[in-house]
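All of the numbers you see were taken from the coordinates with simple rules; none came from a lab. All values derive from a computational prediction rather than experimental measurement. Positions of Cβ are generated from backbone atoms using ideal geometry, with glycine treated the same way; all protein chains shown enter the neighbour counts.
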Amino acid sequence: MTDRKAELAANLARVEERIAASCAAAGRAREDVTLVVVTKTYPASDVRILRELGVRHVAENRDQDAAPKAAACADLSLTWHFVGQLQTNKVRSVTSYADIVQSVDRPKLVTALSAAAVRGERELGCLIQVALDAESGERGERGGVAPDGVEELADAIAAAPGLRLGGLMTVAPLAGEYAGRQRAAFERLMEISSRLRSAHPAANMVSAGMSGDLEDAVAAGATHVRVGTAVLGVRPRLG
Ligand SMILES: *Cc1c(COP(=O)(O)O)cnc(C)c1O
């Protein structure tokens, strides 16, 4: 085993233990939580090693980095998630490799994703990114729609050709009433998810929790955790 492979294997094992312990503590089955490894800023060679180590879901947040990486890994059976703020001029590129876009937060993006999915003859999974600290009618600083905008976006995605409404995503807010209160933030997301599922029963994905707060997310009921640093190491630059 190369040094890098041994390092990633050890990190993955620690993350796996954390997820398993959180599931056990919450009385949830381990299979109910999917690990999505966020590979942003790390090379395609790491993605390849992760796949060898059993990882099936990877995530990226910038199209410029993700597009060449996904192309270099096209032979691997991986599900690619896009989790970054998305400009409409990048939608066509992202739709060519992403299986799921977790950061849908405005109607214009729904229209663009739908057109690109139809053109590419793909079905694209969409999660609505919720900004728990955004005021009514506004968007969060790091993307995301305010909670009261979820219903309208959900209906738009559900009606859009080429798109499949998967559920919700959030990043724990750094400011506002949920700052430093990850567990409360994720529980709020679960309430929004329950309401969403009453109108759209299949939209049952809840993506929440990162390296620092995955336990809170699993305890609250997240189905997907997005882990970067704890698997790959501290990123050389912000991303
Ligand atoms: C980078 C990123 C993550 C992973 O964060 P870590 O703290 O490195 O685990 C998760 N979600 C999103 C949206 C990200 O941009």
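Taking Cα centre as origin and charging only the Cβ of basic (Lys, Arg, +1) and acidic (Asp, Glu, -1) residues, the dipole magnitude of the chain rounds to 560 debye. Of the residues ALA10, GLN182, LEU86, the one whose Cα sits farthest towards the positive end of the charge dipole of the chain is ALA10 (charges of +1 on Lys and Arg Cβ, -1 on Asp and Glu Cβ, taken about the Cα centre). Which shape class, rounded, prolate or oblate, goes with the chain when its Cα gyration tensor gives a ≥ b ≥ c as root eigenvalues, a/c under 1.5 marks rounded, and past that a/b bigger than b/c marks prolate? Cα axes put the chain in the oblate bin.
Counting only lysines at least 8 places from LYS5 when in the same chain, those with an alpha carbon closer than 28 Å to its own are LYS40, LYS69.
Neighbours of VAL91, meaning other residues whose beta-carbon lies under 11 angstrom from its beta-carbon, give a summed charge of +3 when Lys and Arg score +1 and Asp and Glu score -1.
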